[in-house]
Structures are given as structure tokens and as C-alpha cells.
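Just below is one structure, and these are the notes that go with it.
The values are calculated or read from the model by the stated rules, or taken from the named source; none is laboratory data. This is a predicted model, so every value here is computed, not measured. Positions of Cβ are backbone-derived with ideal geometry, glycine not excepted, and every protein chain shown enters the neighbour counts.
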Amino acid sequence: MAVQDAAIIDHLRVLVIDDSLTIRAMLEELIEREPSCRVVGVASNASEARSKINDLIPNVVTLDLNMPGVDGMTFLDQLRGKVHPPVVVVSSATSAGSLQAAEAMKRGAYACFDKGRILSDAAGFVRLLRTAARGGSVRAESGASD
């Protein structure tokens, strides 16, 4: 995967990873309402996500934690040591101050956003995605994001 220079990111290119078709469609709609924002792909599981990260070269990824098979935490572990776009965890389990949010951050998530707030704070959600994308690619060795 080509590493993008954070300074040249003009458009937000998002890969949405969630096993729920409804949530994927909702996130796609919210993201693409914003100028210069595009969902370049969706994945319903970790296997699909791995290939799409390499093929579609998003500059930020959203990740659900509760998925069948390889869950979001395990997927974060699998990204360790690899160059990848920043990951924003979007889950109802990651409300502010939750243990799940702290664990996701420890495992390399750039940030967490409570899925229950997506509709009420859509602007804040997209702003967070833009901020993460400006951070460029992350090498999650120790679980900390750059």
C-alpha cells in the first residue's frame, strides 16, 4: 500500500467496516453528504477489510468491534506492525470512558466514536474522520497511534 503524505490529502477516502448492512449504509450516507468526502468501499468482515485496505487505499477506516468471526479488537491486533490508515472505532461499546474504548486505543485505534451518537453528532463524527486522515498512516507497534 502506498503511504500517503498527510499534507496532500484533499479528499477524505473512507473504508467502512461493519457487519450490519444498515449501519454501513447509514455511515456511507452521512459521510458522503459532506464535501470532499467519499466512501471508497465497505466491508462486512475482517477478511474483506484487509484486501480492501490494500486495494482501495483509504486514508481512514471505520471499524465496528462486534463482528462475527474476527472481531474488531482482533482486527486491530492483526494490523500491528503493518502500515495502515488510521482506524476510528465506531461501536456502541465505546462510549466515552468505557473500558472497550480504552482497550481499542491501547490496541492501536486512532479514536473511538459511540455509534449511538452518529445521528445526533454527524458533523462531529465526520470532523473526527478528517482529523484522523490528516494524521496519515499509522504503524501500530505498541498500540499507540501517531
TODO: Could you check how many residues of region 38-57 are over 20 Å from D71 (Cβ atoms) and touching a residue at least 40 places away in the same chain (Cβ under 8 Å)?
DONE: 3
- [ ] Can you confirm whether region 12-22 contains a residue that is part of a strand (DSSP E or B), out of contact with any Pro (no Cβ under 7 Å at 6 or more places or on another chain), surrounded by fewer than 20 Cβ atoms within 10 Å (Cβ to Cβ) and at pLDDT 95 or above?
- [x] no
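Is there a residue in region 66-85 that is part of a helix (DSSP H, G or I) and charged (D, E, K, R)?
Checked region 66-85: at least one residue is part of a helix (DSSP H, G or I) and charged (D, E, K, R).
Every residue, every condition in (1) of a type outside the set (A, V, I, L, M, F, W, C); (2) crowded, with 16+ Cβ neighbours inside 10 Å; (3) in contact with a helix residue (DSSP H, G or I) (Cβ under 7 Å, 6 or more places away or on another chain), yes or no:
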site: M26; (1), (2), (3): no, yes, no
site: R33; (1), (2), (3): yes, no, no
site: S36; (1), (2), (3): yes, no, no
site: P58; (1), (2), (3): yes, yes, no
site: P86; (1), (2), (3): yes, yes, yes
TODO: For region 92-117, name all the residues that are buried (at least 18 other Cβ atoms within 10 Å of the Cβ), in a loop (DSSP other than H, G, I, E, B) and either among the aliphatic types (A, V, I, L, M) or in contact (Cβ under 8 Å) with a residue 60 or more places away in the chain (or both).
DONE: A93, A109
